[in-house]
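Novice: My structure is below; once you've seen it, I'll send some questions.
The values are calculated or read from the model by the stated rules, or taken from the named source; none is laboratory data. Every value quoted in this text rests on a predicted model; they were computed, and no experiment measured them. Using ideal geometry, Cβ is built from the backbone for each residue, glycine included, and neighbour counts are taken over all protein chains shown.
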Amino acid sequence: MTMVLEPKTTIVIFGISGDLAKRKLIPSIYNLYNKGKLSKHFAVVGIGRREWTNEIIREMVCNTITDIFGNTTSDMTDFCEHFYYLTFDVTSDYSYSNLHTLLKELEEKYKIPENRINYLAMAPEFFGTIASKLKENGLTNTNGWTRLVIEKPFGHDLRSAQQLNREIREAFSEEEIYRIDHYLGKEMVQNIEVIRFANVLFEPLWNNRYISNVQITSSETLGVEERGGYYETSGALRDMVQNHILQMVSLLAMDPPIRLTTDEIRSEKIKVLRALRHISVNNVDSYFVRGQYDEGKVNGKVVPRYRNENKVDPSSNTETFVAGKIFIDNHRWAGVPFYIRTGKRLSFKSTKIVVQFKELPMNLYFHDNEVGHPNLLIIHIQPDEGITLMLNGKKIGPSGETTPVQLDYSNNSIDSFNTPEAYERLLHDCMLGDATNFTHWDEVELSWKFIDSISTAWEETRGNFPNYKAGTMGPNESEYLLEKDGFRWWLFSTNENE
């Protein structure tokens, strides 16, 4: 069965005036339209509390596109004409009645077969209300398909996530719910499966017999900026580890699916999350390290400590850095630590995966006092996309000594212009009904079960904050976490020396 590449759909964006819509959603929809991946039989309805009109939203869309892409093609005006606006109260049945009427008019005008995407780009406390009201007012009863796209955070802990899921599932089936994690739309994250399962060089070695440890680093140079209020209720653990980081762990550790379908891939990821070693509240400090940034220098500029940021408690106990050691207790990965770290105000911006292979039991080319360089596979997620393979080779000259040899594949140097943004890819997948790169409820629930004991332990005790200077790679305890196992963090940044 051939998939339709130009889906006909109406996209309803709740929170059209927000930052997410302007920076990601509108540009992504425009790119799909401009590349011919979105049929001209489409409409976008922007939902918000402001007293806007269709003319105002179209001007905003055109300005947004021009600001991001500069001079664009002549069909931009036609594109903007597909946008409509509705002033809305998410608790009012009257608003939903108006939306229903407008959707019927647009579906007739653009010949759309009642296919609807409801994108909730707003505060999560409204998710359950909107889902229930859409069903109560007949907006989910269509002759086409109806889908609900939800941004993170999906809950604050396991209990709140379960409550939110119950509310949403009363209106939408699991197959209709698309929980978006933009990391799953990134080119090199999706490339993890190909690297593993399409190369005989790696797949036979992808287990505890040949791999000593796996490292995932996602570092940012930015602080909390204007998100201090949100970050105070989240922290690095909930903001990054519960979703993005654990999703990458599951992709790296999953067994090969029996076929490349949504259900089979999800099934293997869920098995990994079920095998995560539970960490008791009393034992968290043996596996995880937390940090909070102090004043320091980033890119030569002095920046304030976290506790002095806007909308942050001056005595805040919120972590801005997390490092941890995760074990997957199954046959493939028993005994192999997965080290993860993520934080704000670090020395460079980078998301990288490093797979460190075990060294040979007797390497003839390393002399008694010589330390060899392990073979490494580095997957560069952002800002650069690509793969690096570190091997050992002979130094030029008569000495016979070895030297690390670096083999690089850079995705950016080939087709970065045509590489779709994560949201562009995921929006298109949603239109096509491909949920492979969206998060299933079972994944969300298992992630929260793993995270909850860690967050509980940290809420019950105060951290010794601040404990790392802005512009560094986090607290010293993060280094000790690996050193006591005989390993170290691999950096591979142009800002750092190896």
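Novice: With respect to SER97, determine if the residue is at pLDDT below 95, closer than 24 Å to ASN143 by Cβ and hydroxyl-bearing (Ser, Thr, Tyr).
Specialist: Criteria not met by SER97.
Novice: If I filter the range 88-113 down to residues being part of a loop (DSSP other than H, G, I, E, B) and charged (D, E, K, R), which single residue comes out as nearest to LEU38 (Cα to Cα)?
Specialist: Within the range 88-113, the match that is nearest to LEU38 (Cα to Cα) is LYS111.
Novice: While we're here: Filter the range 66-87 for residues that are of a type in the set (Val, Ile, Thr), modelled with pLDDT under 90 and not in a loop (DSSP other than H, G, I, E, B) and give the result. Spell out the reasoning first.
Specialist: In the first step, residues of the range 66-87 are kept if they are of a type in the set (Val, Ile, Thr); the result is 66, 68, 72-73, 77, 87.
Cutting the leftovers down to modelled with pLDDT under 90 gives us 66, 68, 72-73, 77.
Result: THR66, ILE68, THR77.
Novice: Does ALA171 qualify as being in the same structural domain as ASP313 (by TED's automatic domain parsing) and of a type in the set (Gly, Ala, Ser)?
Specialist: no
Novice: Within the range 212-235, does at least one residue satisfy the condition of being closer than 28 Å to GLY335 by Cα, aliphatic (A, V, I, L, M) and at pLDDT 95 or above? Reasoning before the result, please.
Specialist: Let us first name the residues in the range 212-235 that are closer than 28 Å to GLY335 by Cα, namely 212-219.
Checking which are aliphatic (A, V, I, L, M) leaves us with 214, 216.
The next check asks that each one be at pLDDT 95 or above; those that pass are 214, 216.
Yes; the residues of the range 212-235 include at least one that is closer than 28 Å to GLY335 by Cα, aliphatic (A, V, I, L, M) and at pLDDT 95 or above.
Novice: Taking the range 157-186 as the search range and keeping residues that are in a loop (DSSP other than H, G, I, E, B) and out of contact with any Phe, Trp or Tyr (no Cβ under 9 Å at 6 or more places or on another chain), which one is surrounded by the most Cβ atoms within 10 Å (Cβ to Cβ)?
Specialist: For the range 157-186, the residue satisfying everything is LYS186.
Novice: Can you spot a residue in the range 343-352 that is modelled with pLDDT of 85 or more and of a type in the set (Phe, Trp, Tyr)?
Specialist: Looking through the range 343-352, at least one residue is modelled with pLDDT of 85 or more and of a type in the set (Phe, Trp, Tyr).
Novice: Another question, if that's okay. With β-branched (Val, Ile, Thr), in a strand (DSSP E or B) and either modelled with pLDDT of 90 or more or not assigned by TED's automatic domain parsing to the domain that holds ILE117 (or both) as the only criterion, which of VAL44, VAL61 stands out?
Specialist: Answer to the selection: VAL44.
Novice: What residue, of PHE88, PHE83, PHE79, is surrounded by 15 or more Cβ atoms within 10 Å (Cβ to Cβ) and touching a residue at least 60 places away in the same chain (Cβ under 8 Å)?
Specialist: None of the others qualify; the one that does is PHE88.
Novice: Still on this structure, please answer the following. Out of all the residues in the range 127-145, is one or more within 30 Å of ASN411 (Cβ to Cβ) and assigned to a loop (DSSP other than H, G, I, E, B)?
Specialist: No, that holds for no residue.
Novice: What number of residues in the range 3-26 are modelled with pLDDT of 90 or more and buried (at least 21 other Cβ atoms within 10 Å of the Cβ)?
Specialist: Total satisfying the criteria: 11.
Novice: Then there is this: Kindly evaluate VAL189 against the criterion of being assigned to a helix (DSSP H, G or I), assigned by TED's automatic domain parsing to the domain that holds HIS380 and crowded, with 16+ Cβ neighbours inside 10 Å.
Specialist: yes
Novice: Restricting the first residue to the range 304-328 and requiring it to be on the phi > 0 side of the Ramachandran plot, which pairs with a second residue that is of a type in the set (Gly, Ala, Ser) and crowded, with 16+ Cβ neighbours inside 10 Å meet a Cβ separation below 7 Å and a spacing of at least six or different chains?
Specialist: LYS311/GLY228
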